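See below for the structure under consideration.
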Amino acid sequence: MKSTVEHVNPTRVKLNVEVPFDELKPHFDKAYKTLAGQVRVPGFRPGKVPAKIIDARVGRGTILSEVVNEAIPQMYGQAVNENALTPLGQPEIEVTEIEDGQTLAFTAEVDIRPEITVPDVSSISVVVDDVVVEDADVDTEIEALRDRFATVTPVERAAVDGDLISVDLRASVNGEALDDATADDLSYRIGSGDLVDGIDEAVTGLSAGESATFTTKLVAGEHAGNDADVTVTVNSVKERELPAVDDEFAAEASQFDTVEEMRADLVERVRRTKNQAQGAQARDKVLEALLAATEVPVPEAVAKAEFDSREHDVIHALGHDEAALAAWLEEEGKTKDELDTELKAASEQSVKTQLLLDAMAEASGVGVSQEEFTERIIFNAQRFGVAPDEYFKRIQEQNQLGAVFAEVRRAKALADAVSRATVTDASGNVLDVAALFGFEPVADEATDTDVVDTDAVDSQAPELDDSDENVEIIDAVSETVPAADQDSDEARPASS
């Protein structure tokens, strides 16, 4: 087999492949063997029909078609390996010549991972905010605890802000009752803002058994975007009483016996949270600086796939309802064209990020251990609310195992970059990011425990996700690098 490569642009190539017919012999043998078992010819046992008779019976063209369809994928893969290419997506293949007994020739045009010159990470310097824990931060945490341990008592009075009420809701549009906008005995805390716009004003001042009608804009369903008249009836009113901040409360709400001890613990908790925010800021700024210092060509097909995925996510979240989309756009104050422009820019930035992290991982010899892979499987399963075994089965069925490897590998590459960059807080202190977040820079070479198949990872389009409570930068990177080439319903192992 002979192959040559033409560069259509920095992210796309055209492979020209010529295959002598003698190299196709195994494929001809397989085709004849298959057809010999299917063709019935008097005087010959099944599977023993000679090739010439099969040619006469089914036609030489049928044989050639069978051979070409089976051989081209294998020959394409061989040409890709011989020319050290990293395809992104499926090729566009065209058979250019079939000379029976002589030559098979075809072309394959495909997007590839572009050549990227990785910048010197040690030259990157960023400044992040100081970590300062103030009394107000701790007070906020204590108020959250008080809210969590509040008691409720039924009262015979009009409802006020902060009360817990039980309500019935009935909605109508132009006098027509909406069955899908009806609810009974809903529990709602006045002022929480997590129900229907306008309800707080309507129920404030109502006692049990009283009703009020208000107008609100529907955001979903058949009448999305239309104004609806909503009648709310208050069934009961309960007063919420917050506990006093004393040692008794500290013992109930925490593992400590005194308020002083509880506050000291909350100070450290707030500090850890702010350290995580500081680390996320460092991550974002280092990545931003790396992208600014690097020329990353964007494969058009990969960017288009990322755009389609993001657009699908928006539409899917609105129930594939055009009226709901129009209402949401109106609420956001933008047009569909403006949304498309935003999604396109975000998609291109996402793909650039993913390709850069791939190149950095390659340059640093980043590998993925079995333990790291397993941890990511468990973490992702928790995010989607499924058992790890079930999650693993689903992504295996969807051919997403390589994407999980890639997810961890890219995260580790960015974590390594952040640890090697100079990160300074606003007060001028140089931060030891690795020590702060408890990870070590990536070794120069992959260890024996690395199980990642680099080719398998590179063939997967980028996909990452979020970080957990004890965020390390290798997890937090996923917030910066969303999926690029897969439909969101497929990338997520949804139960439906």
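The values are calculated or read from the model by the stated rules, or taken from the named source; none is laboratory data. In this text the structure is predicted, and so the values were computed from the model without any measurement. Note that each Cβ is placed from the backbone with ideal geometry, even for glycine, and that neighbours are counted across all protein chains shown.
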- Give the residues of the stretch 236-258 that are touching a residue at least 24 places away in the same chain (Cβ under 8 Å) and assigned to a loop (DSSP other than H, G, I, E, B), sorted by residue number. 242, 243, 245, 254
- Item | Of residues in the stretch 172-188 being among the hydrophobic types (A, V, I, L, M, F, W, C) and closer than 30 Å to residue 147 by Cβ, the one modelled with the highest pLDDT | 186
- Report, by residue number, each residue of the stretch 386-413 that is of a type outside the set (Lys, Arg), within 15 Å of the chain's Cα centre (by Cα) and under 24 Å from residue 121 (Cβ atoms). 405, 406, 407, 408, 411
- Message: Can you pull out every residue in the stretch 366-399 that is assigned to a loop (DSSP other than H, G, I, E, B) and touching a helix residue (DSSP H, G or I) at 6+ places or on another chain (Cβ under 7 Å)?
- Response: 366, 368, 387, 398
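Among the residues of the stretch 106-125, is there at least one that is among the aliphatic types (A, V, I, L, M), outside any loop (DSSP other than H, G, I, E, B) and without any contact (Cβ under 8 Å) to a residue 24 or more places away in the chain? First the steps, then the outcome.
The first filter runs over the stretch 106-125 and keeps only residues among the aliphatic types (A, V, I, L, M), leaving 108, 110, 112, 116, 118, 121, 124.
Restricting the remaining residues to those that are outside any loop (DSSP other than H, G, I, E, B) gives 108, 110, 112, 121.
Then drop every residue that is not without any contact (Cβ under 8 Å) to a residue 24 or more places away in the chain, which leaves none.
So far as the stretch 106-125 goes, no, none of its residues is among the aliphatic types (A, V, I, L, M), outside any loop (DSSP other than H, G, I, E, B) and without any contact (Cβ under 8 Å) to a residue 24 or more places away in the chain.
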- Task: Looking at (1) touching an Asp or Glu at 6+ places or on another chain (Cβ under 9 Å); (2) surrounded by fewer than 18 Cβ atoms within 10 Å (Cβ to Cβ), find the lone condition where residue 367 falls short.
- Result: (2)
- Item | Selection status of residue 305, over 30 Å from residue 422 (Cβ atoms), crowded, with 20+ Cβ neighbours inside 10 Å and not assigned by TED's automatic domain parsing to the domain that holds residue 8 | yes
- Message: So, residue 208, is that one outside any strand (DSSP E or B), in contact with an Asp or Glu (Cβ under 8 Å, 6 or more places away or on another chain), within 30 Å of residue 160 (Cβ to Cβ) and not hydroxyl-bearing (Ser, Thr, Tyr) or not?
- Response: yes
- Task: Just give me the residues in the stretch 234-276 being aliphatic (A, V, I, L, M) and touching a strand residue (DSSP E or B) at 6+ places or on another chain (Cβ under 9 Å), in sequence order.
- Result: 234, 237, 242
- Task: Of the conditions (1) modelled with pLDDT of 90 or more; (2) among the acidic types (Asp, Glu); (3) within 15 Å of the chain's Cα centre (by Cα), residue 416 clears all except one; give me its number.
- Result: (3)
- Query: Of the residues that make up the stretch 228-235, is at least one in contact with a Lys or Arg (Cβ under 8 Å, 6 or more places away or on another chain), among the small types (Gly, Ala, Ser) and either assigned by TED's automatic domain parsing to the domain that holds residue 178 or part of a strand (DSSP E or B) (or both)?
  - Reply: yes
- Query: What is the residue count in the stretch 8-27 for residues that are among the charged types (D, E, K, R) and part of a helix (DSSP H, G or I)?
  - Reply: 3
